[in-house]
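Asker: First the structure, which I've put down as structure tokens, then a few questions once you've had a look.
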Amino acid sequence: MNKNEFRKLVQKYLDGVATADETLAIEQYYQVFQDEADATDLMDDEEVSSLEARLKDNISNRLRTPEKPAVHIFSTWYFRAAAIFIVLAGVASTFFLSRNHKDKKSTTVAQAVSAERKSPNRFVTLPDGSTVVLHGKSSLTYGKEFNKTTREVTLVGEAYFDVVHLGPGQNKKSDVPFIISTGNVKTTVLGTAFNIKAWQDQKEVVITVTRGKVRVENERKLLAILTENKQVVFNTATLHSGEKMVRANETVAWAQTDMTFDALPFGELAARLEKRYDVSISFKNPALRQCTITGRFSGTETIEEVFRILSTTSNTTFSINGRDLVIDGEKCH
């Protein structure tokens, strides 16, 4: 999709005639660029003023759901990202993937360990619906009772967690906590998103929260109660801990590795996503392998989320059956 076609997609959104997938692509795209530099200097004052007013009106009417955290639609980053979205010359495909695959063994180890693999990170969906992006050479272990009587996992390395909240129900009398063990440090959450770094050869355990609240403790005491954009560093040798404010999105930037691409053949991109999401991707129309794809993802999306956007921007369709994903279409844009 060239610049003019991309502008047309944005115009459809502003006019209120974009499809659900086109609308989702645009609104989610803004969030990926929330920390990018301002691009409004590439536009004249009249265009900037007009765009700001129209975006505020459109977005405020759409991004309001009672179950999700409030979206600050008038914040500077939201408009800045919108401006970047308009002036970029290529397509920005942004997100989504969901995997119905669940591990069948009594004890499961999810691991991202390949130094020789092109994509060092691994995306995992847990039985409770929580998602994890594992950094290269990290491992995540959980037992056969996970999501039955408890939700406990053990992490070695670094991972970004997006934990679903499980309230009372299914013979459970109270909310079900999600507990991550990293050596002697235990992190407990109900439903939130955060990053944990706990490598075996390093003395520091670092927990950073991007959304929600977590409790961090060791065998002796409570170390911290963390909320959004807060971080605690615990030294396992000195047993000293310190808490500070950070830009949490920068901490999890590693999850985006290999999820930004420019004019990459669809066949090569499919091979990359197969490794990251542990799926098998095939093309019903082999000619689609040569289509060039440009996009940028945060790295925390599910496989379904990614392909909902890719199909919109590449004029293709897709279907998922378990771990098998099939791409079809007559031709690319």
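Only the coordinates and a few stated rules stand behind these numbers; no lab work does. Treat the numbers as computed from the prediction; the structure is a model and nothing was measured. Cβ placement follows ideal geometry from the backbone for every residue including glycine, while neighbour counts extend to all protein chains displayed.
Asker: Using +1 at the Cβ of each Lys and Arg and -1 at the Cβ of each Asp and Glu in the range 121-253, identify which of ASN235, VAL246, ILE179 lies farthest towards the dipole's positive end.
Answerer: ILE179
Asker: Give me a comma-separated list of calculated 3J(HN,Hα) values for the range 211-226, in order, Karplus coefficients 6.51, -1.76, 1.60 applied at θ = phi - 60°, integers in Hz, x for any Gly or Pro.
Answerer: 7, x, 8, 9, 10, 10, 8, 10, 5, 9, 7, 6, 8, 5, 10, 9
Asker: Additional query: Counting only residues 5 or more places away or on other chains, whose amide H sits under 5 Å from the amide H of LEU223 once H atoms are built in the peptide plane?
Answerer: Those qualifying (amide H under 5 Å, at least 5 residues apart or on another chain) are VAL216, GLU217, ASN218.
Asker: From the cross-link list LYS221/LYS244; LYS203/LYS230; LYS213/LYS275; LYS8/LYS213; LYS197/LYS221; LYS8/LYS331, which pairs have alpha carbons spaced over 29 Å apart?
Answerer: Details: LYS221/LYS244 19 Å; LYS203/LYS230 20 Å; LYS213/LYS275 31 Å; LYS8/LYS213 40 Å; LYS197/LYS221 20 Å; LYS8/LYS331 19 Å.
Pairs exceeding 29 Å: LYS213/LYS275; LYS8/LYS213.
Asker: Next question, about the same structure. Rounded, prolate or oblate, given the Cα gyration tensor of the range 279-333, with a/c below 1.5 counting as rounded? Don't skip to the answer; put the middle values down first.
Answerer: Details: a/c = 1.97, a/b = 1.14, b/c = 1.72.
Oblate is the answer for the range 279-333, as a/c is 1.5 or above yet b/c matches or exceeds a/b.
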